[in-house]
Structures are given as C-alpha cells and as structure tokens.
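*Asks:* My questions will all concern the structure given below.
The values are calculated or read from the model by the stated rules, or taken from the named source; none is laboratory data. The shown structure was predicted, so the numbers you read here are calculated from the model rather than taken from an experiment. Methodologically, a virtual Cβ is constructed for each residue, glycine included, from the backbone with ideal geometry; neighbour enumeration extends over all protein chains shown. What goes into the accessible areas is simple: the full protein's heavy atoms, side chains included, and nothing from ligands, DNA or RNA. Shrake-Rupley method; radii C 1.70, N 1.55, O 1.52, S 1.80 Å.
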Amino acid sequence: MNESADTRAIPCVSRLRGEVAVPGSKSVTHRALILAALAHEECVIENALDAEDTRVTAQSLRRLGVGIHWQGSRIRVRPAPHRWVFSPEPMFLNNSGTSLRLLMGLAAVGRGTFLFDGSARLRQRPVGPLADALKPLGVNVRFLGHGSCPPLELQTNGLLAGETLVDASESSQYLSSVLMAATQAQGPVLVRWKDPVASFPYVTITLSMMAEVGLEFFQVEPRAIRVPAPQRLSGFRLEVEGDCSSASYFWAASALTHGDVLTYPLSPSTLQGDCRFLDVLRTMGCRIQWEDRGVRVRGPDRLQPVHVDMNAMPDMVPTLGVVCAFADGPCTITNVAHLRIKESDRLHAVATELQRLGVSVEQYPDGLRIQGPPQRGDAITTYNDHRMAMAFAVLGLRVPGTTIRGASAVAKSFPGFWTALNDLVQQSRKENA
C-alpha cells in the first residue's frame, strides 16, 4: 500500500484469501481496566488491546493513583492507596467517549472533585443522562462548557446507597458505568433503566465480566438490577477475547471480493454484539463457518440487498454501508440516530463519502438508504474517525483510485490495521498468482 503523509492509497484485489489475527476487544479491555481499578488486590489483564483509547483509560487511572504496568498485551493493575488522587488539572481524554463515561462512574466512588476534558469532538458528545443517573446517588456534575458535554467537574463524597434511573437511549455505556460503580457504593443500589437501550449487548458484556470477576448483582425486574454494596473485589486474572469489531472489516472485505478469509482468535460464544454482523453478511449471501481458531467468511458472487435495524451494533454501520454500496438493489439501515454523537456524525459521514463516489444515498434522522454501485474512486475524508478509515479502506479494494485521508485515525482502536490489511493483500496475491 502506498503511503504519503497521512494518506493511504488502497490497492484493488480480485479476491482476498488468507488469515488475519485480530487484536483484543476494545470494549472488554476498557471494562477490564475499570474493574481492576476497583479491585482491592493486584489484577492481571491478558491479551489487552494496546490502542489510543485504551491507553487514554490507563493513563487516566494512573492520574487517579492506580498502578498500571503495561507490557505488550499484558497489563498489571495495582490498587490505589485511596480513592482517588485529586488533581487540579483535568484528565484529558482525547476523543474517547468510552473512557469518559466509564471513568465518570469510577470517579464517583471516590471522594473529591474530578475534572474531565477532551478534544473538540469530545466537547460535542453529551453525557447529561449519566450525570442525571449519578445525581440521586449523591454525585454532582457541573458542565463547564457547552450543553451537557465536557469539560465537566464531578464532585463526590462517595456513591450513596439508593435508587437511580438511567436513560441509556444514547449510549449503553451510561448504564454500564453505573452498574460497575454501584458495587462500591456505601450501601445497596437499585439500578433501573428506560427502554430503549442503545447497543444493549454491551451491557450484557459488562454484566458477564462483573460476574466473572466475582461481583454480585440480581436482576429483580426486566429493567432493574439490585447491586449489593460495598463489595470487596479480590484480585483477578482476565483474558480479553478477540475483537469482533476489528474482525468485521476483514469479513466485509471477503464479502466484497468473493474472498475466503479466516479471522482469529474468535469464538461463537462471544457476547460481543458486533459479532451479529456475521448474520447480516449471511443474509446478503456470504457463507459463514466457525472453526477451532475463529470464523471463516466466504464472499458470494452477488450480494443481496438488506433492510436491517442496526441499533444493537451501531459501530458496524460504516462497514455495512460500504457493503451495501455493492448489493444488487437498494438497502436500508435504521434505528441508529445515536450514531450522530459518535466520533463523527457517522450517518452524515457515510452518506457524504459514498455520494462522493457516485453512490445514491438518502439520509434519514435515524438511518440511510443506499443504492450503488460506486462510479469512481476518490480521496475519502475520515473525519478523524477510526471506523470511517477502516470501512472505506475495505471499499477501496474494489474501487480503483480510492485513497484514505486521515489514515492514522485507526490508532484509536486498531493500530495494526494497515499492516494486517497489507499482509492479507500480499497473501492473496500469492494465492491468486
């Protein structure tokens, strides 16, 4: 792949064939770091994702007094002497919305005043519903900028016992943050939530990890969980599973190139919601085969159009949008209005860049209607959004003249993406020779 400054030229490939090792899950790594920081003994996290966002969380934990020793894909986490070290300088979280939301809950179990800030884009990403959920538990959040966005000041004397209601329609991370923090409250907490919850499978991941490390909770109603507190969390060792979100780009690449690609290490028992993207690809005509090490995706001769609600896996929308541009008919993507407050306004970004290539796209408040195929290659703008960069790199495998501007955005979640894609292209050329 040719490279100039922060631009990548994508080579066309007639058929992708090969194997790709995917990194550890970003979502699981974030949650593992938060849970380890809440523990009272040293913890070890194996196969952790070493990427920009997870480093932001780790560095913020250090600022709070948590001992973090990162070596390769292993992290040792030592408990802070007290909760937490106060700093007059804000924790700068760049554009990591996950770090912000989960760290707000973590800070709430301490005592003192904690400041959070981030990039210009993070300053546009609201966390008002999380502040509202923490308030009945004795936590006061004061927004210092525009609207209910960072920069913000969080004041706490420890999380109180009681009951709270979480509106997680914008982000499931609001609910995950409260559930993990509630285990360290001064007494039991009843956590209720409203329907709908955006990306609810991520809440399932949170609860599964809480149970795995020995934390107790009880689902007392369909939308209510009682969390005993305070709980003493012993040291634990946790292995992070492979990241389905990272694997999805290679699944899509196989779909577009009539390919045959194995991604590993992945398991069909994963709780990651983005693994359901395989079901969408199967509907479009791909053959999906689980093997001992991972999952193999074989692309069809022709891709069938789909009409799909993507609320449970919104991060897959840029990737699906690219695949839909090659389907044999119009496709619709619905129920993802919250994509407008991600790293970019992803609905607008996907629509704009597909239209740049001559694809017909109609944009709705909560979705897209897409009908291709692309008519030409062009330079793709990534909006400093890692998922835009990787999704449109996949498109470039089929569309000559496609370049990715802002290619380094992949560092947020998959620093090795360009190397992995290049290796797969080279494998394929040898196989196809």
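*Asks:* How far is helix 201-212 tilted off the main Cα axis of the chain, in degrees rounded to 10, range 0 to 90?
*Replies:* Around 50 degrees separate the two axes.
*Asks:* Let's see if you can work this out: charge +1 on each Lys and Arg Cβ, -1 on each Asp and Glu Cβ, no other charges. What is the dipole magnitude of the range 25-92 about its Cα centre, in debye to the nearest 20? List each step's numbers first, then the result.
*Replies:* Working: 9 positive and 7 negative charges, 17 e Å.
In total the dipole reaches around 80 debye.
*Asks:* Compute the accessible area per residue over the range 152-310, keeping the other protein chains in place, probe 1.4 Å, unit Å². The partial results should precede the final answer.
*Replies:* Values: 6190 Å² over 159 residues.
Per-residue accessible area for the range 152-310 comes out at 39 Å².
*Asks:* Next up: Taking the full set of protein chains and a 1.4 angstrom probe, give the accessible area of R296 in square angstrom, rounded to the nearest 10.
*Replies:* Per-residue accessible area (R296): approximately 40 Å².
*Asks:* Can you give me the convex hull volume of the Cα atoms of the range 71-202, divided per residue and expressed in Å³?
*Replies:* On the way: hull volume 16.5 nm³, N = 132.
Dividing the Cα hull volume of the range 71-202 by its residue count gives 125 Å³.
*Asks:* A follow-up question, please. Residue by residue through the range 157-174, which ³J(HN,Hα) values in whole Hz follow from phi under the Karplus form 6.51 cos²θ - 1.76 cosθ + 1.60 (θ = phi - 60°), with glycine and proline marked x?
*Replies:* In residue order, the calculated couplings are 10, x, 6, 7, 5, x, 9, 9, 10, 10, 9, 10, 5, 8, 7, 5, 5, 4 Hz.
*Asks:* Assuming R0 = 41 Å, can you tell me the calculated FRET efficiency for the pair R376 and R223, based on Cβ-Cβ distance, to the nearest 0.05? Intermediate values should be presented prior to the final figure.
*Replies:* Numbers: r = 49 Å, r/R0 = 1.18.
After rounding, the FRET efficiency stands at 0.25.
*Asks:* Please list, in chain and number order, the residues 5+ apart from G377 or on another chain whose amide H is under 5 Å from its amide H, with Hs placed from the backbone.
*Replies:* Residues meeting the criterion, in which the H sits 1.01 Å from N, do not exist here.
*Asks:* Run the accessible area of the chain with a 1.4 Å probe and give the carbon-and-sulfur part as a rounded percent. Spell out each step's value before the answer.
*Replies:* Working: 7390 of 15960 Å².
It is 46 percent, rounded to a whole number.
*Asks:* Ignoring ligands, DNA and RNA, what accessible area per residue does the range 342-433 give at 1.4 Å, in Å²? Display every interim value, and only then the final one.
*Replies:* On the way: 3450 Å² over 92 residues.
On a per-residue basis, the range 342-433 sits at 37 Å².
*Asks:* To the nearest 20 Debye, how big is the dipole of the chain about its Cα centre, given +1 on the beta carbon of each Lys and Arg and -1 on that of each Asp and Glu? Don't skip to the end; give the middle numbers.
*Replies:* Numbers: 44 positive and 41 negative charges, 68 e Å.
The dipole magnitude comes to about 320 debye.
*Asks:* Next question, about the same structure. Ranked from highest to lowest mean number of other Cβ atoms within 10 Å per residue, what is the order of the peptides 59-67, 213-221, 392-400?
*Replies:* Numbers: 59-67: 19.0, 213-221: 14.7, 392-400: 24.1.
The densest-packed peptide leads the list: 392-400, 59-67, 213-221.
*Asks:* Amide H of V85 versus every other amide H placed in the peptide plane: which residues, excluding those fewer than 5 positions away on the same chain, fall under 5 Å?
*Replies:* The answer is G65.
*Asks:* Determine the principal axes of the Cα atoms in the range 47-145, then give the extent along each, sorted from largest to smallest and rounded to whole angstroms.
*Replies:* That works out to 38, 31, 23 Å along the principal axes.
*Asks:* Next question, about the same structure. Output ³J(HN,Hα) for the range 185-191: one whole-Hz value per residue in order, computed from phi by the Karplus curve 6.51 cos²θ - 1.76 cosθ + 1.60 with θ = phi - 60°, and x for Gly and Pro.
*Replies:* My calculation for the range 185-191 gives 5, 7, x, x, 10, 9, 9 Hz in order.
*Asks:* Nearest 5 is fine: what % of DSSP beta bridges in the chain come out antiparallel, could you say? Could you put the intermediate results ahead of the total?
*Replies:* Details: 47 of 68 bridges.
About 70 percent, rounded to the nearest 5.
*Asks:* If I take all pairs of Cα atoms in the chain, what percentage of them are more than 39 Å from each other?
*Replies:* Distances greater than 39 Å cover 19 percent of the Cα pairs.
*Asks:* Turning to a different aspect of this structure: Quick one: accessible area per residue over the range 82-147, 1.4 Å probe, rounded to a whole number of Å²?
*Replies:* On the way: 2590 Å² over 66 residues.
Per residue, the range 82-147 has 39 Å² of solvent-accessible surface.
*Asks:* Right, here's the next one. Can you tell me the dipole magnitude for the range 91-168 around its Cα centre, using point charges on the Cβ only (Lys, Arg +1; Asp, Glu -1), in Debye to the nearest 20?
*Replies:* On the way: 7 positive and 5 negative charges, 40 e Å.
Computed about the Cα centre, the dipole is about 200 debye.
*Asks:* Turning to a different aspect of this structure: Tell me, what is the FRET efficiency for Q59 and T334 to the nearest 0.05, using R0 = 45 angstrom and their Cβ-Cβ distance as r?
*Replies:* Values: r = 38 Å, r/R0 = 0.83.
My answer for the efficiency is 0.75.
*Asks:* Kirkwood hydrodynamic radius, computed over distinct alpha-carbon pairs, for the range 238-362: how many Å, to one decimal? All intermediate terms of the calculation are to be shown ahead of the outcome.
*Replies:* Values: mean 1/r = 0.0670 Å⁻¹.
Mean inverse Cα-Cα distance, inverted, gives 14.9 Å.
*Asks:* Then there's this: Hey, what angle do you get for helix 244-256 against the long axis of the chain, alpha-carbon based, 0 to 90 degrees rounded to 10?
*Replies:* Around 10 degrees separate the two axes.
*Asks:* Another question about this same structure. I need to check one value: relative contact order of the chain, counting alpha carbon pairs closer than 8 Å and at least 6 residues apart, in percent.
*Replies:* On the way: 1045 pairs, mean separation 76.4, N = 433.
Across the chain, relative contact order equals 18 percent.
*Asks:* If you don't mind, there's one more thing I want to ask. Which pairs, out of K26/K135; K135/K342; K342/K412; K194/K412, put more than 20 Å between their alpha-carbon atoms?
*Replies:* Details: K26/K135 28 Å; K135/K342 24 Å; K342/K412 13 Å; K194/K412 30 Å.
In this structure, K26/K135; K135/K342; K194/K412 lie more than 20 Å apart at Cα.
*Asks:* Something else now. Average the reciprocal distances over every distinct pair of alpha-carbons in the range 295-433, invert the result, and give the Kirkwood radius in Å. Please list the in-between numbers first.
*Replies:* Working: mean 1/r = 0.0649 Å⁻¹.
About 15.4 Å, per the Kirkwood formula over Cα pairs.
*Asks:* Is the shape of the range 210-257 best called rounded, prolate or oblate, per the rule: a/c under 1.5 gives rounded, else a/b larger than b/c gives prolate, else oblate, with a ≥ b ≥ c the square roots of the Cα gyration tensor eigenvalues? Intermediate results must be reported in sequence, preceding the final value.
*Replies:* On the way: a/c = 6.67, a/b = 2.06, b/c = 3.24.
Note, shape of the range 210-257 comes out oblate.
*Asks:* Then there's this: Going toward the positive end of the dipole of the range 227-295, with +1 on Lys and Arg Cβ and -1 on Asp and Glu Cβ, which of G294, P230, A253 do you reach last?
*Replies:* The residue sitting farthest along the positive end of the dipole is P230.
*Asks:* Quick check: Cα centre of the range 31-66 to Cα centre of the range 205-275, how many Å?
*Replies:* 17 Å
*Asks:* Sticking with this one: Can you list the HN-Hα couplings for the range 220-232, worked out from phi with the Karplus curve (6.51, -1.76, 1.60; θ = phi - 60°), rounded to whole Hz and with x for Gly and Pro?
*Replies:* Each residue of the range 220-232 in turn: 9, 8, x, 10, 7, 10, 9, 10, x, 7, x, 10, 8 Hz.
*Asks:* Efficiency by 1/(1 + (r/R0)^6): what FRET value for S148 and R237, r their Cβ-Cβ distance, R0 = 51 Å, to the nearest 0.05? Each step should come with its number before you reach the end.
*Replies:* Values: r = 38 Å, r/R0 = 0.74.
Working from the Cβ atoms, E equals 0.85.
*Asks:* Mind checking the full-extension length gain between S208 and T283? Use 0.36 nm per residue of separation minus the Cα-Cα distance, one decimal, nm.
*Replies:* On the way: separation 75, 0.36 × 75 = 27.00 nm, distance 2.86 nm.
In short, 24.1 nm is gained.
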